[in-house]
Protein chains: 2
Amino acid sequence: MPKDTFFNLPKEKQERIIEAAIDEFATHPYHLARVTVIAEQAGIAVGSFYQYFADKKDLFKYLMGLLVEKKLSYINSDMVKNQDKYDFFQLLREVYLSGIRFAKDNPRLLPIGLMLANDKALYREIFGEYEDQSAAFFQHLLEYGQAQGAIDPAIDPKITGKMLTGMLYSLTDFIVEDGKFDPDDMAIIDRMLYFIENGLKKR
Amino acid sequence: MPKDTFFNLPKEKQERIIEAAIDEFATHPYHLARVTVIAEQAGIAVGSFYQYFADKKDLFKYLMGLLVEKKLSYINSDMVKNQDKYDFFQLLREVYLSGIRFAKDNPRLLPIGLMLANDKALYREIFGEYEDQSAAFFQHLLEYGQAQGAIDPAIDPKITGKMLTGMLYSLTDFIVEDGKFDPDDMAIIDRMLYFIENGLKKR
DNA sequence: CATGAATATGAATTCATATTCATATGAAAC
DNA sequence: GTTTCATATGAATATGAATTCATATTCATG
């Protein structure tokens, strides 16, 4: 958690620091990201940085918190609250689309999450022993779908949850990388969802 | 490329160095992997390391070459040579299964590839401007499948190629991580392939 | 054996960064 | 206007590698 001094700062200054941090962490793996550069970019002295944060990790953790919060804000909250009103494929679709909306609006944030996902030691330091959250989420969704009778009962929820996560990562990555892809044209994405749906559906 | 001195070394010593390097790179992201530790582990002096390799990257590139070579060796070579004898789903299945066999036999190598895949700057240094090889491979496979009439023509080969790659990564990762999973029992994997097949098939 | 070229060695150097700290600044309180 | 406290600063320090280099050792060859 950042120190009080950080939260006492004018919002504008806080934001400058956060923006600078995003820039640096988005373009460098955690261990290569430089506090010096963040401070300079934000227009503060290096010493000040340490008035605000205990250390580099402190800032990074805080940043990840913001990121998770922001990402969650993209999921239609009604769907979260009243999951049972929706069928499995509606929910799956919403998760994918929210992930894609998030990626579209926040392309700079994606690499940060990706890099973290691949540095397991770091991941553990930040999130503790939690398993991969999104894989677990998909897993539950699949179990729910099987209970509903919508999903082929022969599907293994755990491994399939992992795969749905991997696919979502690939998809968002693709959308961000391939700049020419127009995310407002959801046709291709719908086709991918259709592909998944066909694969999972009970027949 | 390592220097001649390296290749002049007795095979046994070469192997000790390679093994030590695998250990270090498998457990640390590239930039945190320490030459010192590799040398110590291999039982050579740090100075010797620089008699064999220009620098850390030189060793890493070489290692990646070995890794790619090894991975390719797992693909049934007849299937590569006579691709047209096989239908799309047979080929896809072979690619997945070979990936899984490789993962099963070489669990230590996987994290190295994964880490590289996620450090795009490094990836480019190692492989140049090549696109992601496996995504491209899947893409061609899909185009072939569409030409054959086996694959839904509405599927976008590029994005789907990316997703198949992501899924294969997730799958191998799962298999290695979750130690209790018995890879000889291919039932679950078959079900995943069945899932993919159902999703892609032209109806 | 003697010789020199190739190889081995690890201490010394360099370099890039995180972090600390003594000091300066400024604003509120009296 | 002085005191006090919080905040700001960037030069100094600490750290942790990568890489170099002067020296020692090995080994093939005459």
In segment A:96-122, what residues are away from chain B (no Cβ under 12 Å) and not basic (Lys, Arg)?
A:97, A:98, A:99, A:102, A:103, A:105, A:106, A:107, A:109
Please determine whether any residue of segment A:9-27 is β-branched (Val, Ile, Thr) and either within 11 Å of DNA strand C (Cβ to nearest atom) or closer than 30 Å to residue A:141 by Cα (or both).
no
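With respect to residue B:67, is the statement that it is buried (at least 16 other Cβ atoms within 10 Å of the Cβ), touching a residue at least 24 places away in the same chain (Cβ under 8 Å) and closer than 19 Å to residue B:125 by Cα true?
Numbers: buried (at least 16 other Cβ atoms within 10 Å of the Cβ): yes; touching a residue at least 24 places away in the same chain (Cβ under 8 Å): yes; closer than 19 Å to residue B:125 by Cα: yes.
In short, yes.
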Matching residues in segment B:8-26 (crowded, with 16+ Cβ neighbours inside 10 Å and either polar (S, T, N, Q) or outside the structural domain of residue B:45 (by TED's automatic domain parsing) (or both)) number 1
Within segment A:1-74, which helices (runs of 4 or more DSSP H) (wholly inside it) include 1 or more residues that are away from DNA strand D (no atom under 15 Å from the Cβ) and at pLDDT 95 or above?
A:11-27, A:56-72
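Going by the structure shown, is residue A:83 in contact (Cβ under 8 Å) with a residue 40 or more places away in the chain and within 16 Å of DNA strand C (Cβ to nearest atom)?
Numbers: in contact (Cβ under 8 Å) with a residue 40 or more places away in the chain: yes; within 16 Å of DNA strand C (Cβ to nearest atom): no.
Taking the combined requirement at face value, the residue does not satisfy it.
Condition first: more than 9 Å from DNA strand C (Cβ to nearest atom), closer than 27 Å to residue B:119 by Cα and either within 14 Å of another protein chain (Cβ to nearest Cβ) or aliphatic (A, V, I, L, M) (or both). Now tell me which residues in segment A:31-53 satisfy that. Write out each step before concluding.
Initially, segment A:31-53 is screened for residues more than 9 Å from DNA strand C (Cβ to nearest atom), giving A:40-44, A:52.
Then keep just the ones that are closer than 27 Å to residue B:119 by Cα; that gives A:40-42.
Listed by number, the list holds a single entry, A:42.
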If you go through segment A:101-117 one residue at a time, do you hit one that is surrounded by 20 or more Cβ atoms within 10 Å (Cβ to Cβ) and in contact with a Gly (Cβ under 7 Å, 6 or more places away or on another chain)?
no
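So, restricting to helices (runs of 4 or more DSSP H) that lie completely within segment B:124-203, which ones have at least 2 residues that are at pLDDT 80 or above, more than 17 Å from residue A:163 (Cα to Cα) and more than 9 Å from every other protein chain (Cβ to nearest Cβ)?
Working: elements: B:133-148, B:157-177, B:187-200.
Filter on segment B:124-203 gives B:133-148.
Within segment A:75-90, is there a residue that is assigned to a helix (DSSP H, G or I), within 14 Å of chain B (Cβ to nearest Cβ) and either in contact with a helix residue (DSSP H, G or I) (Cβ under 6 Å, 6 or more places away or on another chain) or over 30 Å from residue A:16 (Cβ atoms) (or both)?
Initially, segment A:75-90 is screened for residues assigned to a helix (DSSP H, G or I), giving A:77-81, A:83-85, A:88-90.
Next, from what is left, pick out any that are within 14 Å of chain B (Cβ to nearest Cβ): A:89.
Filter again for either in contact with a helix residue (DSSP H, G or I) (Cβ under 6 Å, 6 or more places away or on another chain) or over 30 Å from residue A:16 (Cβ atoms) (or both), leaving A:89.
Scanning segment A:75-90, I find at least one residue that is assigned to a helix (DSSP H, G or I), within 14 Å of chain B (Cβ to nearest Cβ) and either in contact with a helix residue (DSSP H, G or I) (Cβ under 6 Å, 6 or more places away or on another chain) or over 30 Å from residue A:16 (Cβ atoms) (or both), so the answer is yes.
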Is there any pair with a first residue in segment A:17-30 that is aromatic (Phe, Trp, Tyr) and a second that is not in a helix (DSSP H, G or I) whose Cβ atoms are under 7 Å apart and which are 6 or more apart or on different chains, and what are they?
A:25/A:33; A:30/A:119
Residue A:87 meets each of (1) away from DNA strand D (no atom under 16 Å from the Cβ); (2) out of contact with any Lys or Arg (no Cβ under 8 Å at 6 or more places or on another chain); (3) modelled with pLDDT of 95 or more with one exception, condition (3)
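The values are calculated or read from the model by the stated rules, or taken from the named source; none is laboratory data. All of these numbers come straight from a predicted model, not from anything done at the bench. As a convention, Cβ positions derive from the backbone with ideal geometry for all residues, glycine included, and neighbour counts pool all protein chains shown.
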